[in-house]
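Remarks on the structure that follows.
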Amino acid sequence: MAAARGWVSPSVLPGFGLTLGFAGMFLAAIVLVPLAALVMKGASLPLAEFWRIATEPRALASYRLTFGASLIAAGVNTVFGFIVAWTLVRYRFPGRRIVDALIDLPFALPTAVSGIALATVFGPQGWIGSWLLPLGVKVAYTWLGVVIALTLIGVPFVVRSVQPALEEVDASLEDAAESLGAGRWMIFRRVILPTVLPSLATGFTLALARSVGEYGSVIFIAGNLPMRTEITPLLIVIKLEQYDYVGAAAIGLVMLCVSFLMLFTINAINGWRLRRVAGRR
Amino acid sequence: MAGSAQSSVRERNDIASRVLRTALIGVSLLFLALILLVPVASVLGYAFSRGLSAYVQALREPDTFAAIRLTLVTAAIVVPVNTIFGVSAAWAIAKFDFRGKQILITLIDLPFSVSPVIAGLVFVLLFGAQGWFGPWLRENDVQIVFAFPGIVLATLLVTFPYVARELIPIMQLQGREAEEAAVSLGAGGWTTFFRVTLPSIRWGLLYGVILCNARAMGEFGAVAVVSGHIRGLTNTMPLQAQVLYDEYDLVGAFAVASVLMLLALVTLIVKSIVEAFGARRRRAVLTPRQPA
């Protein structure tokens, strides 16, 4: 019977053709065809021309800033996100549930809101900026501002990846290690860290992937000086505003390829994590 | 002797534990306060910096009012369409076995990993003046980019996965027995969906819709690329906040931002409620019933 339709197993439930057909057509119309248009536009360029646009000094400077700041922000979030997740899982303190709910705020908060808020707070007259300025620290309109904006939007990724893994750490393993004379640091390094490492890696990569494409929360605080504080998504917008569609498509294609690479990496890390969980059982 | 040495070790350990605990909680709260709480508080601080009447005045400014209306109309189109898509995709994926299912799930998630700027760029390349359909659109006097249809398309793309993403795992977990029983007892497809499936997915569906709505109303990058920034006409709320901010109208910009922030807080509250209900349901399922 199963061979009757080949690729779909038989079922008594109705609506398969209708729902899959609609979902597939809508997916093609809204996501696949538009993205294919970008790929075709980029690929229609002669290779030498594509290479020249994609590697011009201004573009290279924007990649350096985008990836450098994203890596630093994801790193900061890996350290602090682990501490926050640890605190939320292991300790009971007043306000814990509110803090836990607050973690998701960057998911729900429109990026333009966090953008103008950060730019104002860290600006020379802002709540924090006016306080940092005498110390000689400039945040707004420098690469440091880009890092702070990307740190904000990356907060939920590491915390939400690590929390379930920390909850699964076997307490009896920790007790056993302690009874065998292992110190606190040893238990952390040899028992806890190996268990949560794949989740930390997932969180890091998710935060990195999100940061690389981020636009709204960065452009206000970055100051957007070409070659210095101009992120790659902004460079695309500037090229579009100058009606340089070809240039925008070329840089856009570079970013799209990076996104696919990240998606692939995330899937690979997920596979690693699931294999480790399966191996333990 | 040995006992007292043992207990002194235990005690030192406990003091160390307490110090560590306090330090870690302190570091966590300080980090979150600096990176999350201060910016959020500043939105309200700046919005009300010249008093309540200036705040209300700022929101009643005609261009801002038009931006609020445009945002609401866009969400009113995008959210239902993506909800219908999400339910359809989840039904096909969770209730049937077919080849290529994993690829389909990956493709649905694709918009999450694409930069919002790219999501706007693709529609400019398709429908812009120099785009694939540009000449045809000009001949027929249809404007998509730098107009309302472009804003809807870009918003559809960035909010595409939200409902499907929430529903697929829930409906997969649910299994198919209930629906199969309903159909074999003679219920039609729609009856089965509305009477059997919907009641058990409604909280997840609600959360997906709320998330989709929050992103639809708050989207900035994708809409910024396709909107053309025409005041009072193609500026959504986030774009209006940008325009006012660039004009150094801090009260105006943060007044708009505060409305968007309220939306985010409502979203978080709904999420907490949905999670609490979900946990109670799971407990109810897991607790074995007493034999009669």
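Just so you know, all these numbers are worked out from the coordinates, no wet-lab data involved. Source: prediction; values computed, not measured. Neighbour counts run over all protein chains shown; Cβ positions are idealised from the backbone, glycine included.
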On average, how many beta carbons from a partner chain sit within 10 Å of the beta carbon of a residue in B:91-103?
5
Multiplying the sequence separation of A:D175 and A:L197 by 0.36 nm and subtracting their Cα-Cα distance, what value in nm do you get?
5.9 nm
What is the local net charge at B:V251, summed over the other residues whose Cβ is closer than 13 Å to its Cβ (Lys, Arg +1; Asp, Glu -1)?
-1
For B:A187, what is the net charge nearby, where nearby means another residue's Cβ is under 12 Å from its Cβ and Lys, Arg count +1, Asp, Glu -1?
-1
Mean per-residue count of partner chain Cβ within 10 Å for A:210-216 equals 6
About its Cα centre, chain B carries a charge dipole, from +1 on Lys and Arg Cβ atoms and -1 on Asp and Glu Cβ atoms, whose size in debye to the nearest 20 is 1160
Of A:L18, A:T232, A:W86, which is farthest towards the positive pole of chain A's charge dipole, taken about the Cα centre with +1 and -1 on the beta-carbons of Lys, Arg and Asp, Glu respectively?
A:W86
Starting from 0.36 nm per residue, how many nanometres of slack lie between B:V142 and B:F48 once their C-alpha separation is accounted for?
29.6 nm
Grab the Cα-Cα distance for B:D63 and B:K101, subtract it from 0.36 nm times how many residues apart they are, and report the gain in nm with one decimal.
9.1 nm
Just to verify a number: FRET efficiency for B:F194 and B:Q172, C-beta to C-beta distance, R0 = 25 Å, to 0.05?
0.80
Note on region B:164-269: contact order normalised by length, alpha-carbon pairs under 8 Å, 6 or more apart, percent, works out to 22
Calculate the mean, over all residues of peptide B:220-226, of how many other protein chain Cβ atoms lie within 10 angstrom of the residue's Cβ.
6
In this structure, the FRET efficiency calculated for B:V56 and A:W131 from their beta-carbon separation, with R0 = 30 Å, to the nearest 0.05, is 0.45
Distance in nm between label sites at B:L37 and B:E247, each 7 Å beyond Cα in the beta-carbon direction?
3.5
Which whole-number percentage describes the relative contact order of chain B, with Cα contacts under 8 Å and a sequence gap of 6 or more?
28
